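Engineer: Below is the structure I would like to discuss, written out as structure tokens.
The values are calculated or read from the model by the stated rules, or taken from the named source; none is laboratory data. Computed from a predicted model, the values in this text were never measured in an experiment. Note that each Cβ is placed from the backbone with ideal geometry, even for glycine, and that neighbours are counted across all protein chains shown.
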Amino acid sequence: MGVTGGSYGGFMTLWIVGHTNRFKSAVAQRSVTNWVSMWGSSDFNWIFQFWAKSGSPQESMDKLWNMSPVKYLGEAKTPTLIIHNEHDHRCPIEQGEQAFVALKRAGVETEFVRFPEEPHGLSRVGRTDRRIARLNHILRWMDKYLK
């Protein structure tokens, strides 16, 4: 089985690969990876405090870190493709970069695909050629590990 998701689904994809080896392939798209750094870099950061029932990193560093998938990626084994967009202000690209580096450091087969000039909603509003390229990257990665 493979697992993929974008935005919150990307967060959950990374959470899953950090907590189980059940899946043979994963694709995390436009993900939240680290709630601590997300807090100060997202255009939507203040609302996450309500969902997470936390405050700022100064008020609840341990809680934010414990809810961050990057904390657990050292245990990951699932080959994981990271897809992120350079103009994503909801989940800034540094979130994907952190996941990529953590997976590389853990020795996990990983790849990072960056889309220039694309916002958080590439799958719905991006340039057509880039939306197609995104789907082809997902298909390529899943084919490689699931066939």
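Engineer: Are any residues in region 120-147 within 21 Å of PHE23 (Cβ to Cβ), surrounded by 16 or more Cβ atoms within 10 Å (Cβ to Cβ) and modelled with pLDDT under 95, and if so, which ones?
Structural biologist: Residue satisfying the conditions is SER123 alone.
Engineer: A follow-up question, please. Looking at region 54-78, which of its residues are surrounded by 21 or more Cβ atoms within 10 Å (Cβ to Cβ) and under 18 Å from VAL3 (Cβ atoms)?
Structural biologist: PRO69, VAL70, LEU73, ALA76, THR78
Engineer: Starting from region 110-121, keep only residues that are on the phi > 0 side of the Ramachandran plot, then list their pairs with residues that are buried (at least 19 other Cβ atoms within 10 Å of the Cβ) and in a strand (DSSP E or B) whose Cβ atoms are within a distance under 9 Å, requiring at least 6 positions of separation or different chains.
Structural biologist: GLU117/ASN85
Engineer: Taking region 89-100 as the search range and keeping residues that are crowded, with 23+ Cβ neighbours inside 10 Å and modelled with pLDDT under 95, which one is farthest from ARG22 (Cα to Cα)?
Structural biologist: Only one residue fits best here, namely PRO92.
Engineer: TRP65 - would you say it is touching a Lys or Arg at 6+ places or on another chain (Cβ under 7 Å) and not aliphatic (A, V, I, L, M)?
Structural biologist: So TRP65 fits the description; yes.
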